[in-house]
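Peer 1: Quick one: structure below, then a few questions.
Since every read-out is calculated from the coordinates, none of them should be taken as a lab result. Keep in mind that this is a model prediction, so the values were computed, not measured. Note that we place each Cβ from the backbone using ideal geometry, even for glycine, and neighbour counts take in every protein chain shown.
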Amino acid sequence: MLVALTGGIASGKSTVARRLAELGAVVVDADVVAREVVEPGTPGLARIAEHFGPSVIAADGSLDRAALGALIFADDEARRALNAITHPAVGERSRALFAAALEADPDAVVVYDVPLLVDEHGAGRAGEFDRVIAVSADEETRTRRLIELRGMDEAEARRRIASQAPEEARLAIADDVIDATGTLEHTIAQVDALWAKLSTSAQRHVGGRS
């Protein structure tokens, strides 16, 4: 079974991903994959350097993320150019990881931890997955977490939230929703209950193919 796990910034998605891993899911983190595909020596980094110039390459040959961020922060065209380079590479690498996990264990529940499953227009890749889990928390809770846990001021926290796809777009494609507004214990209890359902469904999924 291939499951997408999505949620906005400070929604609690990482907490849910960690718990699913503890319960036995194979978690593929899109953010980790995104870093891998632009490591020194990769075609992705070479294309970034070609497009954006040597100023985005650090002295040790790695990607200077701060310099690149400064270039794309307020430039939609530059951000689209970067996405055109990185997104196909992330997709290809992620699919390879999914396939390897399911080949190693056909009963596996593979969870793709991906913040950007839908864009601001509601378009996305939900159809590629057997199920979609959305982790949800209200805006005030997310704002408070960004202030308290990441040291942002309120204006920056709200800007970060507003820059992502709206909550309604994520909920609209979700098969399951984890409400992470409340306590950690409440969130974990929901994940545990969902895992029981996912693991049973994964076994039926394999049985149906055999």
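Peer 1: Please compute the contact order of region 1-97 in relative form: average sequence separation of alpha-carbon pairs under 8 Å and at least six residues apart, divided by the residue count, as a percent. Let's see the in-between values first.
Peer 2: Details: 56 pairs, mean separation 25.4, N = 97.
Relative contact order, region 1-97: 26 percent.
Peer 1: Please list the non-local residues whose amide H lies under 5 Å from the amide H of Val28, H modeled 1.01 Å from N, same-chain partners needing a gap of 5 or more.
Peer 2: Here the answer is Val111, Tyr112, Asp113, since their amide H atoms fall under 5 Å of that of Val28.
Peer 1: Another question about this same structure. Pick from Ala70, Ala21, Ala46: which is most flexible by mean-square fluctuation in a GNM of the chain where alpha carbon atoms under 10 Å apart are linked?
Peer 2: Highest fluctuation of the listed residues: Ala70.
Peer 1: Where Lys and Arg each count +1 and Asp and Glu each count -1, what net charge lies around Phe52 among other residues with Cβ under 11 Å from its Cβ?
Peer 2: Taking every other residue near Phe52 into account, the sum is -2.
Peer 1: For the chain, what is the Kirkwood estimate of the hydrodynamic radius, computed as the reciprocal of the mean inverse distance between distinct Cα atoms, to one decimal in Å?
Peer 2: 18.5
Peer 1: Mind telling me which of Arg47, Arg93, Arg19 comes out most flexible in a GNM of the chain, alpha-carbon contacts under 10 Å?
Peer 2: Looking only at Arg47, Arg93, Arg19, the largest GNM fluctuation is found for Arg47.
Peer 1: When N counts the residues of region 46-141, how does its alpha-carbon radius of gyration compare numerically with 2.2 N^0.38 Å, as a ratio?
Peer 2: 1.37
Peer 1: Let me ask something else about it. Sort the following peptides by mean Cβ neighbour count (other Cβ atoms within 10 Å, averaged over residues), highest first: 171-177, 151-157.
Peer 2: The peptides rank, most packed first, as 171-177, 151-157.
Peer 1: For region 32-94, take N as its residue count and report Rg(C-alpha) divided by 2.2 N^0.38 Å.
Peer 2: Working it through for region 32-94, the quotient is 1.03.
Peer 1: So what is the calculated 222 nm ellipticity per residue for the chain, using -39500 (n - 2.57) for each DSSP H run with n of 4 or more, over all residues, to the nearest 500 deg cm²/dmol?
Peer 2: When only DSSP H runs of four or more count, the value is -18000 deg cm²/dmol.
Peer 1: Let me ask you something else. Quick one: which of 99-105, 28-34, 5-11 comes out on top by average Cβ neighbours within 10 Å, and what's the full order, highest first?
Peer 2: Sorting 99-105, 28-34, 5-11 by mean packing, highest first, produces 5-11, 28-34, 99-105.
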